[in-house]
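Bear in mind these aren't lab numbers, they're just calculated from the coordinates by the rules spelled out. Note that the structure is a prediction, hence the values are computed from the model and not measured. Ideal geometry is used to build each Cβ from the backbone, glycine not excepted, and the neighbour counts take in all protein chains shown.
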Amino acid sequence: MSPTELFPANNKRIPIDKPFIDQKPGTSGLRKSTRYFQQPHYLETFIEAILQTLPGIDGGTLIVGGDGRFWNRDSIDVIIKMAAAHGVQKIITTVDGILSTPAASHLIRTNNAVGGIILSASHNSGGVDGDFGVKINGSNGGPASESLTNQIYAATKTLDGYQIIETEQISLDKTGQYAIASMNIEVIDGIEDYIDLMQKIFDFDRISAFIKNDFLIAFDALHAVTGPYAKRLFEDLLGAPLGTVRNGKPLEDFGGGHPDPNLTYAKDLADLLLLGQEYAFGAACDGDGDRNMILGRNCFVNPSDSLAVLTANSDCVPAYSKGLLGVARSMPTSSAVDIVAKNIGIPCYETPTGWKFFGNLLDAGQITLCGEESFGTGSNHVREKDGLWAVLFWLQILASKQCSVKDLMKQHWTSFGRHYYSRHDYESISTEIANDLYKTVESKLPSLIGQSFGGRHVSLADNFVYKDPIDGSITRNQGLRIILDDGSRIVLRLSGTGTKGATLRVYLESYVSPKGHLEQDPQIALKELIVAIDSFAEITKRTGMLKPTVIT
Ligand code: G1P
Ligand code: ZN
């Protein structure tokens with residue numbers, strides 16, 4: 001590293017007229033259109049509230065980076081200058097400000113940082129006409145707790161100014177060390193630490209030998225943060241051919257696409273695997289690298305099934321070969337993992353949507369693996385979901401079983417039965433229509449119990465309430481559930497992360513035992529439930545939408 005370069009500093013207070021952060025930050029921080037975020041003093045107001053609230057800021061270490069979207073670099077500059085004005089002792093950031101969410105979580109943990117600020121709107125589009133976001137992570141490396149986000153939001157209401165140091169912009173072009181006032185800034189590579197962690201978890205030699213033996217893989221970084229990590233992992237270390245990583249250069253607008261690894265937004269990769277014969281394995285990650293999609297030749301792996309497969313085969317991975325403490329899934333995620341957990345005799349927890357609920361269980365040593373239906377899987381190695389980790393986990397299982405993705409799925413269903421599963425998203429609905437639909441369905445739930453629904457009978461219908469087994473806290477209103485007498489489930493939720501109007505998510509699940517029909521198209525297997533929920537919730541009638549915007 002170069003010797004420390006000292007920057008002159010002039011601490012300044014900038015007054016603001018009125019507090020104007022108009023939305024409580026959620027699990028994923030504050031997410032808005034880029035233009036909204038770029039209003040004068042908006043970002044600074046939010047950062048001021050974070051720096052006034054996060055415990056240990058004075059004298060502490062902070063991790064800062066982002067997914068490379070438009071305004072990443074300028075925002076890091078603002079955070080550095082404001083952190084220096086608030087007595088932060090050290091900022092660790094990365095070359096070009098590129099830092100994936102799981103890599104940030106790891107850096108927070110290994111550097112005993114007080115937390116991290118990650119600039120990302122995850123899988124939302126980027127660019128000046130796209131979205132921008134600020135995520136806050138706590139000292140455990142996970143998303144800020146509800147009480148912390150509440151305090152930050154409360155702080156935004158009373159601010160009448162912010163502190164910032166006026167100085168020139170430090171360079172993030174290469175690694176280096178700098179100082180502004182009494183704060184040190186380390187610009188690190190950002191990729192190495194994460195790769196080291198992966199090498200401690202997986203057997204790279206085994207994966208490498210497997211993929212070099214005629215098992216062609218394709219990885220789509222969707223022009224987002226995972227490109228540089230994936231190139232180093234797959235091409236440099238595991239010896240996959242150059243070009244294995246597609247769209248590997250992070251671009252400020254993600255090349256105009258949505259960095260969302262699903263069949264709609266990662267269609268090129270999906271076509272390659274589902275229509276072509278050349279590749280044996282395909283994977284993609286989202287904007288900030290915490291989500292993953294897994295594909296085999298002619299085979300899409302449903303994320304709920306993915307969690308179940310990882311759990312059932314965790315003994316293939318060196319780091320988990322001694323057994324799992326337990327597993328957890330979010331409520332809308334299918335119960336495929338529950339059956340596996342029961343079979344291997346470990347606890348299985350059902351939590352509300354969002355990674356922070358897993359954090360408590362991971363910190364308390366109750367679980368090793370966890371996941372969500374929304375293409376998120378992770379373990380106790382960090383406190384965020386981790387896209388590339390999941391891809392390596394899959395490759396490690398396939399290398400150990402020496403089989404194709406499709407064969408592994410067939411074997412899994414033959415052992416445990418299949419949870420047919422699909423999520424139907426209705427995007428950009430007017431907020432009023434969505435709220436009204438949701439409230440009406442909620443009020444009609446009690447009358448459903450015992451009634452026939454989609455050819456079965458309703459055994460439970462409620463709004464999911466979670467009691468945290470670690471701290472006893474209660475979280476209400478986490479989604480409307482209709483549970484049928486054969487274990488099938490329909491769940492309705494309104495998205496907490498969309499930025500345009502409201503998004504209604506309908507989750508559908510139906511179980512077939514190992515002796516049943518295991519190879520149907522999920523949309524056909526779930527047909528009765530799809531028709532029943534549309535009629536009960538009046539989705540088409542109220543929204544005017546004849547079909548969902550995205551079907552997963
Ligand atoms: C979505 C997903 C959820 C995930 C969150 C953050 O939230 O559904 O599982 O934790 O993004 O990545 P939603 O928009 O449904 O509130
Ligand atoms: Zn993400």
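Apply 1/(1 + (r/R0)^6) to the Cβ-Cβ distance of residue 177 and residue 11, taking R0 = 22 Å, and write down the FRET efficiency to the nearest 0.05. If you can, show how the numbers build up before the last one.
Details: r = 21 Å, r/R0 = 0.97.
In this case the efficiency is close to 0.55.
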Taking the simple approach of a point 7 Å from Cα along Cα-to-Cβ for both residue 534 and residue 476, what is their distance in nm? 3.4 nm
Return P(r) of the chain (all Cα-Cα pairs; 20 Å bins starting at 0; whole %; ordered from short to long distances). 22, 56, 22, 1
Which whole-number percentage describes the relative contact order of the range 63-169, with Cα contacts under 8 Å and a sequence gap of 6 or more? 32 percent
Taking a spot 7 Å from the Cα of residue 462 along the direction of its beta carbon, which residues of the range 334-357 have an amide N less than 17 Å from it? 349-353
By count of other Cβ within 10 Å, fewest leading, how are 338, 193 ordered? 193, 338
From a point 7 Å beyond the Cα of residue 451 in the direction of its Cβ, which residues of the range 521-552 have a backbone N at a distance under 13 Å? 532-538
Karplus-derived HN-Hα couplings along the range 382-396 (A = 6.51, B = -1.76, C = 1.60, θ = phi - 60°), whole Hz, x at Gly and Pro: 9, 10, 9, 5, 9, x, 5, 4, 5, 5, 5, 4, 4, 5, 5
With contacts defined as alpha carbon pairs under 8 Å and 6 or more residues apart, what's the relative contact order of the range 192-308 in percent? 26 percent
Going by how many other beta carbons lie within 10 Å of each one, how would you line up 233, 51, fewest first? 51, 233
Could you state the number of Å between the C-alpha centres of the range 252-328 and the range 73-101? 31 Å
Over what distance in Å are the Cα centres of the range 378-413 and the range 480-552 separated? 26 Å
Subtracting the Cα-Cα distance of residue 184 and residue 73 from 0.36 nm times their residue separation yields 38.1 nm
Degrees between helix 72-85 axis and first principal axis of the chain (Cα, 0 to 90, nearest 10): 50 degrees
In degrees, nearest 10, range 0 to 90: what is the angle between the Cα axis of helix 405-416 and the longest Cα principal axis of the chain? 60 degrees
For helix 303-312, what angle does its Cα long axis make with the longest principal axis of the chain, in degrees from 0 to 90 and rounded to 10? 90 degrees
Scalar couplings 3J(HN,Hα) for the range 28-43 by Karplus 6.51 cos²θ - 1.76 cosθ + 1.60 (θ = phi - 60°), nearest whole Hz, x for Gly and Pro, are 9, x, 9, 10, 8, 5, 4, 4, 4, 5, 7, 4, x, 6, 5, 4
Output wanted: per-residue J couplings in Hz (rounded whole) for the range 340-352, from phi through Karplus 6.51 cos²θ - 1.76 cosθ + 1.60, θ = phi - 60°, x for Gly and Pro. 5, 4, 4, 4, 8, x, 10, x, 10, 9, 10, 10, x
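At 0.36 nm per residue, minus the direct Cα-Cα distance, what do residue 436 and residue 546 gain on full extension? Give it in nm, one decimal, please. The partial results should precede the final answer.
Details: separation 110, 0.36 × 110 = 39.60 nm, distance 1.85 nm.
Going from the current span to full extension adds 37.7 nm.
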